[in-house]
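Got a structure for you, questions after.
The values are calculated or read from the model by the stated rules, or taken from the named source; none is laboratory data. Everything numeric here is computed off the predicted structure, so don't read it as measured data. Cβ coordinates were reconstructed from backbone atoms using ideal geometry, including for glycine residues, and neighbour counts include every protein chain displayed. The accessibility values were calculated without ligands, DNA or RNA, using every heavy atom of the protein model including side chains. Shrake-Rupley method; radii C 1.70, N 1.55, O 1.52, S 1.80 Å.
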Amino acid sequence: MHSRYGPPEVVAVAEVEKPAVGEDDVLVRVHATTVNRTDCAYRAAKPFFMRALTGLTRPRQAVLGTEYAGVVEAVGGGVTSFGTGDRVFGYNEGAFGAHAEYLAVPQGGAIAAMPDAVTFEEAAPGTEGAHYALAFLRVARVRAGQDVLVHGATGAIGSAAVQLLKHHGVTVTAVCDTARVELVKGLGADRVVDYTAQDFTEDEQRYDAVFDTVGKSAFGRCRRLLKPGGLYLSSELGPGWQNVLLPLVTPLFRGRKVKFPFPRQNQEIVRHIGELIEAGGFRPVIDRRYPLERIADAYRYVETGQKTGGVVITVVPPN
């Protein structure tokens, strides 16, 4: 938990009360969760405007954590969708609370049955990156046979985007560093650009869409990569919030456009992710695992910007 904004050191493990279970709530005993970029942003309250959502001087939610996988411990009297003993996973941005042994969520929230063939540690990192990647696909309206470049193909969003694009029959060029070229090829990328050896914005190939899943580029630099009518999308606001402003301006002109994907956080998305995992269209990539008592170390590692896929926190050790 954390009682103030700041660096990873503000996070500490402490005893808290078990969440109350409302009439329509599901109480989950969390077996695994993750630390991701979203958690880091809320913990540090950066950018500053986030405090309008989380609390101006100190955080309203002491326990962070968006992704989780676990077992239903109890249900409210009005719950019909889940029962005690069900294996579930989900995403809880806003209310948070997944960095704890117990989490109460509404039965109609972003929670669904876990795929049968995965463990809790494999399911927990399945939602954050994938729901952002699915937002990219929805907004760009990608189709089989199109050419798409994914910048930042080894992060949680990027590794999900590569797999989901291939699942939809798209030809994928992925951008990563030398050490992770083989990993990205294994995710299904048709072509890999090593950014340590060449500037990907100087690529001679042209694309129907460029997905910047790490927010380290800009439309101005990537515009030349796009085919006429092509789209540039980023997971970040960009310098001067340009990735929010340019979608209002670029449609006024013929040619290449910018769109900003706002992800959906609902039960339908989590169910869809579970179906994709079961169908083999998506498998969360896991970088490191930490026990709950070392969660501050997990935050430190995520903030290095070097993680590959997800960083898992084990709350209940596997048998």
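Go through PHE253, TYR132, VAL184 and say which Cα lies farthest out towards the positive end of the charge dipole of the chain; charges sit on Cβ, +1 for Lys and Arg, -1 for Asp and Glu.
Checking the options against the dipole of the chain, the answer is PHE253.
Say we join alpha carbon atoms closer than 10 Å with springs in a Gaussian network model of the chain; which of LEU252, LEU183, LEU225 then has the biggest fluctuation?
Maximum fluctuation in the GNM of the chain, among the listed residues, is at LEU252.
Rank GLY85, TYR195, VAL13 by how far each Cα sits towards the positive end of the charge dipole of the chain (+1 on Lys, Arg Cβ; -1 on Asp, Glu Cβ) and give me just the farthest.
TYR195
Continuing with this model, one more query. Which value, in Å to one decimal place, does the Kirkwood hydrodynamic radius take for the stretch 244-286 when every pair of different Cα atoms is included?
Kirkwood hydrodynamic radius for the stretch 244-286: 13.2 Å.
I'd like the orientation of helix 267-279 relative to the chain: the angle between its Cα long axis and the longest Cα principal axis, in ° from 0 to 90, rounded to 10.
Approximately 70 degrees, to the nearest ten.
Show the residues, 5+ positions off or on another chain, whose built amide H is closer than 5 Å to the amide H of GLY65.
Amide H neighbours of GLY65, under 5 Å, 5+ apart: GLY97, ALA98, HIS99.
Once both axes come from the Cα atoms, what is the angle between helix 156-167 and the longest principal axis of the chain, in degrees from 0 to 90, rounded to 10?
Helix 156-167 sits roughly 70 degrees off the main axis of the chain.
Could you give the nm distance between label points at GLU303 and ARG264, where each point is 7 Å from its Cα heading toward the beta carbon?
Once both label points are built, they end up 3.5 nm from each other.
Here's a follow-up. What Kirkwood hydrodynamic radius do you get for the stretch 255-318 when you take the inverse of the mean 1/r over all pairs of distinct Cα atoms, in Å? Walk me through the numbers before you get to the answer.
Numbers: mean 1/r = 0.0681 Å⁻¹.
It works out to 14.7 Å.
Here is a further query. Share of the stretch 140-229's accessible area from carbon and sulfur, percent, 1.4 Å?
For the stretch 140-229, the apolar C and S fraction of the accessible surface comes to 47 percent.
Please list, ordered by chain and number, the residues whose modelled amide H lies under 5 Å from the amide H of ALA74; skip anything fewer than 5 residues away on the same chain.
It is LEU27, by chain and number.
A further question on this structure: What full-extension length gain, to one decimal in nm, is calculated for ALA113 and ARG138 as 0.36 nm per residue of separation minus the Cα-Cα distance? It would help to have the intermediate numbers written out before the result.
Values: separation 25, 0.36 × 25 = 9.00 nm, distance 2.33 nm.
Here the answer is 6.7 nm.
Hey, how many Å between the Cα centroid of the stretch 170-212 and the Cα centroid of the stretch 16-32?
One Cα centre to the other: 42 Å.
Hey, another quick one. When the dipole is taken about the Cα centre of the chain, and only Lys, Arg (+1) and Asp, Glu (-1) are charged at their Cβ, what size is it in debye, to the nearest 20?
1280 debye
Ordered by packing density, taken as the mean number of other Cβ atoms within 10 Å over each peptide's residues, highest first, how do 293-299, 15-21 rank?
293-299, 15-21
Have a look at HIS31, HIS272, HIS99 and tell me which one the Gaussian network model of the chain (Cα, springs below 10 Å) gives the largest fluctuation.
It is HIS272.
Run the dipole for the stretch 189-314 about the Cα centre, Lys and Arg Cβ at +1, Asp and Glu Cβ at -1, nothing else charged, and hand back the magnitude in debye, nearest 20.
Once rounded to the nearest 20, the dipole reads 400 debye.
Can you tell me the length gained on complete extension of the stretch GLU101 to LEU245, counting 0.36 nm per residue apart and subtracting the Cα distance?
Extra length available between GLU101 and LEU245 comes to 47.8 nm.
List the residues, sorted by chain then number, that are 5 or more residues from ILE313 or on another chain and whose placed amide H is less than 5 Å from its amide H.
Those lying under 5 Å, H to H, from ILE313 are THR33, THR34, VAL35, TYR290.
For the chain, modelled as a GNM with alpha-carbon contacts under 10 angstrom, which of SER235, SER159, SER217 fluctuates the most?
SER217
For the stretch 182-190, take each phi angle, set θ = phi - 60°, evaluate the Karplus expression 6.51 cos²θ - 1.76 cosθ + 1.60, and give the result in whole Hz per residue in order, putting x for glycine and proline.
3J(HN,Hα) across the stretch 182-190, in whole Hz: 5, 4, 5, 4, x, 6, x, 4, 6.
Beta carbons within 10 angstrom, averaged per residue: use that to sort the peptides 46-54, 80-88, highest first.
80-88, 46-54
Let me ask something else about it. To make sure I understand the rule: partners must be lysines, Cα under 25 Å from the Cα of LYS307, and not fewer than 8 residues away in the same chain. Which ones qualify?
LYS46, LYS166, LYS185, LYS216
What full-extension length gain, to one decimal in nm, is calculated for ARG294 and ASP194 as 0.36 nm per residue of separation minus the Cα-Cα distance?
Here the segment from ARG294 to ASP194 would lengthen by 32.7 nm.
Quote the FRET efficiency, to the nearest 0.05, computed for GLU15 versus GLN205 with a Förster distance R0 of 45 Å and r equal to the Cβ-Cβ distance.
The value I calculate is 0.20.
Round to the nearest 10 and give me the degree value, 0 to 90, for the angle of helix 128-140's Cα axis relative to the longest principal axis of the chain.
40 degrees
A further question on this structure: Looking at the chain, what % of its DSSP beta bridges pair antiparallel, to the nearest 5? Before the final figure, lay out each step's value.
Numbers: 24 of 51 bridges.
Roughly 45 percent of the DSSP beta bridges within the chain come out antiparallel.
Can you tell which of PRO47, ALA95, ALA209 lies farthest toward the positive end of the dipole of the chain, using +1 and -1 charges on the Cβ of basic and acidic side chains (Lys, Arg; Asp, Glu)?
So the residue we want is ALA209.
If you line up the Cα atoms of the stretch 191-239 on their principal axes, what length do they span on each, largest first, in Å?
Reported extents, whole Å, longest axis first: 27, 25, 17.
For the stretch 122-235, what does the accessible surface come to per residue with a 1.4 Å probe? Please give it in Å².
Accessible area per residue, the stretch 122-235: 36 Å².
Can you work out the Karplus-derived ³J(HN,Hα) for every residue in the stretch 85-93? Use 6.51 cos²θ - 1.76 cosθ + 1.60 with θ = phi - 60°, whole Hz, and x for glycine or proline.
After applying 6.51 cos²θ - 1.76 cosθ + 1.60, I find x, 5, 8, 9, 9, x, 9, 9, 5 Hz.
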